[in-house]
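Let me begin by presenting the structure, written as structure tokens, before commenting on it.
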């Protein structure tokens, strides 16, 4: 279980996250939602350890994450940043292989097991036919699949995704959400920053709602997602209905 | 699988061609352009039938061989240092010059030769090496090298500032010590004419150490190419990696500038050519940049002796003459 205790982060006198206490339920998909600039990405970066908190700690199964080595941490938890950089000319297979880095010895190359894991990730994401293509020659949706495959190859129990659906058209967005559900069924715990509230409600089991660096609510969608919350967090007048297909709450702005 | 073998063979072929270009330059530079009319045959006889009384063989062994070896190795050093800098900052215009290593070395050397304070009591090589390290470390510390999430741009800005400071100090020293100005200027243009076996014995151990360090940073640099946050998520300690890369670049460049003065543009061009040949994998890029750098300086040194024989044009001027058009090409290509 991933727990966050009294997490505070800020610089130059500005507090960005203020004493957050969060519990990420294990084996579930958690969505982080909130208006732009509310600290979602900062929270994700702090959990992954690329930002150091001023106060508080992030612990996984009771173990303080900042006490672990970079490599050990990378075997437990992976994060896909909002805009990762694609090196010119790198092939799909090479990029996905990068995910195996936490398991390599300092001077060693990929073992047979590493290669098998990479292959499995390629099959999982349907990229086998594209494995030798250059990533920068692929479409946006395919490219995002490559990054997901890299995270899959990293094979961590906890996966953090920072706005994975941005710049994707609806088909790829849905494809990506379904891929997340598939990963979840295999026992992965996912934390995802999402902008589309209806997608968050439909595909995620748990919502964390943030505003101005504080947690407003955290619970299952049907318990927290209501018009009062939307008014308070997004200053949005909306009515809530039940989605007839998935039977999850959805909002329609008025 | 077939595809994979193919790229391997192609890379092997490219590496072999690079080696041959370097080796040809190396051999020609052993006998080419000499007042003593040395010939390729003398080089061959030095290997097959060494004769201590043969003046041609002695010239090749005592003067030409150490010079060519040092020229090559300095090229290798600068090429690899450039590749590491570009990898770390993810900036194609970064080069070891950025680290104020050249200007630091020049500054302390100038102060040493005009007899400034305590600097008079230490040998000029030591002063130069210390200057290189001080310049580099200043940029590294000011550029936020020890901080988490330091912006690579900050390193560039720190480099420009420190470079400016040290260069003006050097100029001041040159103006004060007018009589030293010629030899200083010669050194400042990057020259291999003073190089001997002693230089070689100072150069290779440091270079070897730096090369091992460089290889140990390759995987980290490969992952840094995906962005620092991704690298960190994949288990790379980015701060530690940055420190190691900077130390390696410092070692490579300091020892080179101490022995031959600032030889410019090699650290910029070599990694670019290497990238055009071997793309993005630093395990290939690092040795390839070294090979290209070595061949480049070797040929540039040969050229420097051939432009107006018997006088020598400083090799740094030759590399600058080759490098400037290349630099302009890079900038123009970046625009389109």
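The values are calculated or read from the model by the stated rules, or taken from the named source; none is laboratory data. Owing to the predicted nature of the structure, the values given are computational and were not obtained by experimental measurement. Using ideal geometry, Cβ is built from the backbone for each residue, glycine included, and neighbour counts are taken over all protein chains shown.
Scan segment B:244-264 and give yes if some residue there is under 23 Å from the mean Cα position of the chain (by Cα), assigned to a helix (DSSP H, G or I) and within 14 Å of another protein chain (Cβ to nearest Cβ), otherwise no. Yes, that holds for at least one residue. Of all residues in segment A:38-77, those that are assigned to a strand (DSSP E or B), within 13 Å of chain B (Cβ to nearest Cβ) and surrounded by fewer than 19 Cβ atoms within 10 Å (Cβ to Cβ) total 0. Scanning segment B:301-322 for residues that are touching a helix residue (DSSP H, G or I) at 6+ places or on another chain (Cβ under 9 Å) and within 16 Å of residue B:95 (Cβ to Cβ), we see that the one that is surrounded by the fewest Cβ atoms within 10 Å (Cβ to Cβ) is B:322.
Picking from residues in segment A:23-37 that are touching a helix residue (DSSP H, G or I) at 6+ places or on another chain (Cβ under 8 Å) and part of a strand (DSSP E or B), the one that is nearest to the other protein chains (Cβ to nearest Cβ) is A:32. Looking at A:238, A:200, A:214 in this structure, which one is in contact with a helix residue (DSSP H, G or I) (Cβ under 8 Å, 6 or more places away or on another chain) and surrounded by fewer than 19 Cβ atoms within 10 Å (Cβ to Cβ)? Result: A:238 is the single residue among A:238, A:200, A:214 that is in contact with a helix residue (DSSP H, G or I) (Cβ under 8 Å, 6 or more places away or on another chain) and surrounded by fewer than 19 Cβ atoms within 10 Å (Cβ to Cβ).
For segment B:194-242, give me the residue count where each residue is assigned to a helix (DSSP H, G or I), more than 14 Å from every other protein chain (Cβ to nearest Cβ) and farther than 17 Å from residue B:78 by Cα. Spell out the reasoning first.
Initially, segment B:194-242 is screened for residues assigned to a helix (DSSP H, G or I), giving B:197-224, B:228-233, B:238-242.
This time we only want the ones that are more than 14 Å from every other protein chain (Cβ to nearest Cβ), so: B:197-211.
Subsequent filtering for residues that are farther than 17 Å from residue B:78 by Cα retains B:197-198, B:201.
Residues in segment B:194-242 being assigned to a helix (DSSP H, G or I), more than 14 Å from every other protein chain (Cβ to nearest Cβ) and farther than 17 Å from residue B:78 by Cα: 3 in total.
If you go through segment A:83-106 and keep only what is within 8 Å of chain B (Cβ to nearest Cβ) and in a loop (DSSP other than H, G, I, E, B), you end up with A:83, A:84, A:85, A:86, A:87, A:88, A:89, A:90, A:104, A:106.
Before we move on, is residue A:136 touching a strand residue (DSSP E or B) at 6+ places or on another chain (Cβ under 6 Å) and either farther than 21 Å from residue A:73 by Cβ or free of Cβ contacts under 8 Å to residues at least 12 places away in the same chain (or both)? When the stated conditions are applied, residue A:136 does not pass them.
Check segment A:121-129 and report whether any residue there is within 16 Å of residue B:233 (Cβ to Cβ) and within 11 Å of chain B (Cβ to nearest Cβ).
no
A quick yes/no check of all residues on (1) within 16 Å of residue B:262 (Cβ to Cβ); (2) within 25 Å of the chain's Cα centre (by Cα); (3) modelled with pLDDT of 75 or more:
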residue	(1), (2), (3)
B:147	no, no, no
B:152	no, yes, no
B:156	no, yes, yes
B:159	yes, yes, yes
B:166	yes, yes, yes
B:169	yes, yes, yes
B:180	no, no, no
B:184	yes, yes, yes
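In segment B:45-61, the residues that are assigned to a loop (DSSP other than H, G, I, E, B) form Cβ pairs under 6 Å with partners that are surrounded by 10 or more Cβ atoms within 10 Å (Cβ to Cβ), at six or more places apart or across chains, as follows: B:51/B:57. Among residues of segment B:323-336 that are surrounded by 10 or more Cβ atoms within 10 Å (Cβ to Cβ), those with a beta-carbon under 6 Å from a residue that is outside any helix (DSSP H, G or I) and modelled with pLDDT of 80 or more at least six positions away or on a different chain give the pairs B:323/B:265.
Checked against (1) touching a residue at least 24 places away in the same chain (Cβ under 8 Å); (2) outside any helix (DSSP H, G or I); (3) more than 21 Å from residue A:78 (Cα to Cα), residue A:217 passes all but condition (1). A count restricted to segment A:144-162 and to residues that are away from every other protein chain (no Cβ under 12 Å) and buried (at least 19 other Cβ atoms within 10 Å of the Cβ) stands at 5.
Filter segment B:84-96 for residues that are within 16 Å of the chain's Cα centre (by Cα) and within 13 Å of residue B:140 (Cα to Cα); which is farthest from the other protein chains (Cβ to nearest Cβ)? The qualifying residue farthest from the other protein chains (Cβ to nearest Cβ) is B:96.
Apart from one condition, residue A:126 fits all of (1) on the phi > 0 side of the Ramachandran plot; (2) free of Cβ contacts under 8 Å to residues at least 40 places away in the same chain; (3) buried (at least 17 other Cβ atoms within 10 Å of the Cβ); the exception is (3). The set of residues in segment B:116-135 that are more than 19 Å from residue B:165 (Cα to Cα) and in contact (Cβ under 8 Å) with a residue 40 or more places away in the chain contains only B:125.
Can you say whether residue B:161 is away from chain A (no Cβ under 14 Å) and either within 22 Å of residue B:192 (Cα to Cα) or free of Cβ contacts under 8 Å to residues at least 40 places away in the same chain (or both), as far as the supplied structure shows? The answer is yes for residue B:161.
If a residue must be under 21 Å from the mean Cα position of the chain (by Cα) and loosely packed, with under 15 Cβ neighbours inside 10 Å, how many such residues does segment A:103-119 contain? Final tally of qualifying residues: 0.
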